1. Is it fair to say PHE54 is open to solvent by 90 Å² or more (accessible area, probe 1.4 Å), modelled with pLDDT of 85 or more and closer than 24 Å to ALA80 by Cβ?
2. If you scan the stretch 67-93, which residues turn out to be in contact with a Phe, Trp or Tyr (Cβ under 8 Å, 6 or more places away or on another chain), open to solvent by less than 70 Å² (accessible area, probe 1.4 Å), at pLDDT 85 or above and assigned to a helix (DSSP H, G or I)?
3. Would you check which residues across the stretch 39-72 are in contact with a strand residue (DSSP E or B) (Cβ under 9 Å, 6 or more places away or on another chain) and not hydroxyl-bearing (Ser, Thr, Tyr) and list them?
4. I'm checking my understanding of the structure. Among residues of the stretch 55-80 that are under 10 Å from the mean Cα position of the chain (by Cα) and hydrophobic (A, V, I, L, M, F, W, C), which one is farthest from PHE25 (Cα to Cα)?
5. Taking into account only those residues within the stretch 1-47 that are within 19 Å of CYS76 (Cα to Cα) and touching a helix residue (DSSP H, G or I) at 6+ places or on another chain (Cβ under 7 Å), which is modelled with the lowest pLDDT?
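The values are calculated or read from the model by the stated rules, or taken from the named source; none is laboratory data. The model shown is predicted, which means the values in this text are computed figures rather than measured ones. Here Cβ is always computed from backbone atoms with ideal geometry, including for glycine, and neighbour counts include all displayed protein chains. Only protein heavy atoms, including side chains, enter the accessible area calculation; ligands, DNA and RNA are left aside. Shrake-Rupley method; radii C 1.70, N 1.55, O 1.52, S 1.80 Å.
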Amino acid sequence: VWGLLYIHMSAAFALGAFCHPYWGFWLIQHMPNEDGTQLTLSYTGSRLWHILNFGELYHVEHHDFPRIPWTRLHRCAEIAPEFYKSLAGRKSI
């Protein structure tokens, strides 16, 4: 058992699974807001920054509609602002 765990963990570290900066970004997105009522956060910022992150910043929208392609997630907040404007979020670049 310990040998299999060692091989698995070695492969994970070698491939960057636990050391990649996006791992920290994933953790930050899934931290609840201050009062604990919202379990994910979306980020606002420039359209270019959203494109460079492949739509990852529209995180609440992604959890609401996981089958919508990342290129169209920004439309969720445009179509239904009453559901997204009042949510907690973070300002990005």
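1. No: the conditions fail for PHE54.
2. HIS74, CYS76
3. Going through the stretch 39-72, the residues in contact with a strand residue (DSSP E or B) (Cβ under 9 Å, 6 or more places away or on another chain) turn out to be 41-45, 49-50, 53, 56-62.
LEU41, GLY45, TRP49, HIS50, ASN53, GLU56, LEU57, HIS59, VAL60, GLU61, HIS62 - these are the residues of the stretch 39-72 that are in contact with a strand residue (DSSP E or B) (Cβ under 9 Å, 6 or more places away or on another chain) and not hydroxyl-bearing (Ser, Thr, Tyr).
4. Among those residues, the one meeting the criterion is VAL60.
5. GLN29
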